[in-house]
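Working notes for the structure below.
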Amino acid sequence: MDLLDKTLKGDNLNANELSKLYEYDIFTLGKAADTIRRKKYDNKVFFNMNRHINPSNICADVCKFCAFSASRKNPNPYEMSIDEILSQAISSYKRGAKEIHIVSAHNPNWSYNWYLELFSEVKKSLPDVHLKAMTAAEVDYLDRKFGVGYQKILEDMAKAGVNSMPGGGAEIFDEKVRKHICNGKVSSQRWIEIHQYWHSLGKMSNCTMLFGHIENRENRIDHMLRIKNAQQDFNIVEAKKGGFNAFIPLLYQKQNNYLKVDDFPSGQEILKTISIARIILQNVPHIKAYWATLSMNLALVAQEFGADDMDGTIQAESIQSAGGAKSKSGMEKDDMVFQIKNAGFRAIERDSLYNELKEW
Ligand code: V47
């Protein structure tokens, strides 16, 4: 039996063995991935109406790949008040956003209670909105700063109204690469423990992988395998009672940062990565081709190579756009729908947990 058949059958192969999947041609991989995605979702492509809010770019950590955090290359520090965040969230809600996605730099000026107050205030003003907030890196930062323990932080977040956690901060789990690109940030093991504890509270989260910088193919597969192993009980995910909902390969944006990178992945290498993710991560329901990092065109092509989701309308975005992505002002819903349908798919608006809301 060849490697692809063995992988599809679920044989226990290691990262080194699985990295040879990249040696298949793109169409063979794409067909295998597309078969899995069509069996799950047929011709549907999901998107949501969301709003990203990044309350501050002042950061205690120093990640070489980051163009967002205030530094010599981005000498523009800012921090928003709770009232300012609230007024952005309310105006986005009025424009149709059903999810508010709050991710911040690790701002040393904020107290522990500031976060809880922020989440409570958002939920008090907008009880219907899905609040997706706090990467595991932020949770770990609060734990390091205030010494409360990540378990308590997660329990407090849930009590304050956080509905799900985004997948940021995973970067690349391989410890050697991680040390080079984001030394001092949440460890790989801790990132996974934080998500697993959150899942044990009956909550969903996403998982990301930052790729296209200095990592190699085996590092990417190792990252996927750690996610696969961390996703313990697929039935729980299906019942939406805790687990990873979507895997999001984030393509590295190269401008305005301190990470020196010589080679960038070709479109083929990117699509192969997405297909391989769909093939390996069969216990993670969704593969998100985040249009902000891939560009709209490649994210649409990715829907034929294993992905089933585009992310959303965003309205405003600061992290990837600081690195060069064209996502600063998000995208109109009509344009999203038009482009999905124009690519030959059914445009399905979903909520944050992938319940279908409407076919446009
Ligand atoms: O953790 C930072 C990444 C992440 C760069 O869960 C960069 O639905 C590319 O996690 N090039 C934050 N990426 C964004 C994120 C996310 C986005 C959309 C949806 C979801 C979700 C999560 O952005 C960070 C980091 O990995 N990032 N700098 C860069 N130069």
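With a 1.4 Å probe and all protein chains left in place, how much accessible area per residue does the chain have, in Å²?
Numbers: 14810 Å² over 360 residues.
For the chain, the per-residue accessible area is 41 Å².
What Rg and what Dmax come out for the chain when only alpha-carbon atoms are used, in angstroms?
According to the Cα coordinates of the chain, Rg and Dmax are 19.1, 60 Å.
Taking 4 °C and 1.567 mPa s as the conditions, I'd like the Stokes-Einstein D for segment 108-156 in µm²/s, using the Kirkwood hydrodynamic radius from alpha carbon pairs.
Details: Rh = 11.6 Å.
It comes out at roughly 112 µm²/s.
I want to check the label-to-label distance for residue 155 and residue 72. Put each point 7 Å from Cα in the C-beta direction and report it in nm to one decimal.
4.5
Let's see if you can work this out: charge +1 on each Lys and Arg Cβ, -1 on each Asp and Glu Cβ, no other charges. What is the dipole magnitude of segment 24-359 about its Cα centre, in debye to the nearest 20? Don't skip to the answer; put the middle values down first.
Details: 44 positive and 40 negative charges, 44 e Å.
Once rounded to the nearest 20, the dipole reads 220 debye.
For the cross-link pairs 40/333; 73/159; 179/228; 124/185; 20/40; 73/333, which exceed 29 Å when the distance is taken from alpha carbon to alpha carbon?
Working: 40/333 24 Å; 73/159 38 Å; 179/228 22 Å; 124/185 32 Å; 20/40 26 Å; 73/333 33 Å.
The answer is 73/159; 124/185; 73/333.
How big is the gap, in Å, between the Cα center of segment 1-30 and the Cα center of segment 188-203?
Distance between centres, Cα-based: 28 Å.
In whole percent, what relative contact order does the chain give with Cα contacts below 8 Å and a gap of six or more residues?
Details: 681 pairs, mean separation 83.9, N = 360.
Contact order relative to length: 23 percent.
How do 7-18, 241-252 rank on mean C-beta neighbours within 10 Å, highest first?
On the way: 7-18: 13.9, 241-252: 23.0.
Descending mean neighbour count gives 241-252, 7-18.
Got a number for carbon plus sulfur as a percent of segment 24-359's accessible area, 1.4 Å probe? List each step's numbers first, then the result.
Numbers: 6440 of 13320 Å².
About 48 percent, which is the carbon plus sulfur part of the accessible surface.
What's the extension gain from residue 11 to residue 262 if we count 0.36 nm per residue and subtract their Cα-Cα distance? Intermediate results must be reported in sequence, preceding the final value.
Working: separation 251, 0.36 × 251 = 90.36 nm, distance 3.48 nm.
Length gained, residue 11 through residue 262: 86.9 nm.
Taking the mean number of other Cβ atoms within 10 Å as a proxy for protection, how do you rank 325-332, 298-305, 338-345 from highest to lowest? Kindly include the intermediate steps, with their values, before the conclusion.
Numbers: 325-332: 17.2, 298-305: 22.9, 338-345: 15.8.
Answer by packing, highest mean first, reads 298-305, 325-332, 338-345.
Take residue 124 and residue 2, extend 7 Å from each Cα along the Cα→Cβ direction, and tell me the distance between the two endpoints in nm.
Computed distance between label sites residue 124 and residue 2 equals 6.2 nm.
Arranged from highest to lowest average of other beta-carbon atoms within 10 Å per residue, in what order do the peptides 122-131, 44-53 appear? It would help to have the intermediate numbers written out before the result.
Details: 122-131: 16.3, 44-53: 23.9.
Listed from highest to lowest mean packing, they are 44-53, 122-131.
Need the list of aspartates and glutamates near residue 326 for cross-linking: C-alpha distance under 17 angstrom, and skip anything on the same chain fewer than eight residues off.
Residue 326 reaches 311, 317, 335.
Once you place label points 7 Å from the Cα toward the Cβ at residue 82 and residue 31, how far apart are they in nm?
Roughly 5.8 nm, to one decimal.
Give the distance, in whole Å, between the Cα centre of segment 36-60 and the Cα centre of segment 300-335.
Between the Cα centres of segment 36-60 and segment 300-335 lies a distance of 8 Å.
For segment 70-198, what is the largest minus smallest coordinate of the Cα atoms on each principal axis, given in angstrom and ordered from greatest to least?
So the extents along the principal axes, rounded to whole Å, are 45, 36, 26.
Do the sum for the chain: with -39,500 (n - 2.57) for every DSSP H run of n ≥ 4, divided by all residues, what is the mean residue ellipticity at 222 nm, to the nearest 500 deg cm²/dmol? Present the calculation step by step, with values, prior to reporting the outcome.
Working: 16 runs with 155 residues, N = 360.
Computed ellipticity for the chain at 222 nm equals -12500 deg cm²/dmol.
The values are calculated or read from the model by the stated rules, or taken from the named source; none is laboratory data. Just so you know, these numbers come straight off a predicted model, no measurement behind them. Please note: Cβ atoms are built from the backbone with ideal geometry, for glycine as well, and neighbour counts cover all protein chains shown. With ligands, DNA and RNA removed, areas are computed over all heavy atoms of the protein, side chains included. Shrake-Rupley method; radii C 1.70, N 1.55, O 1.52, S 1.80 Å.
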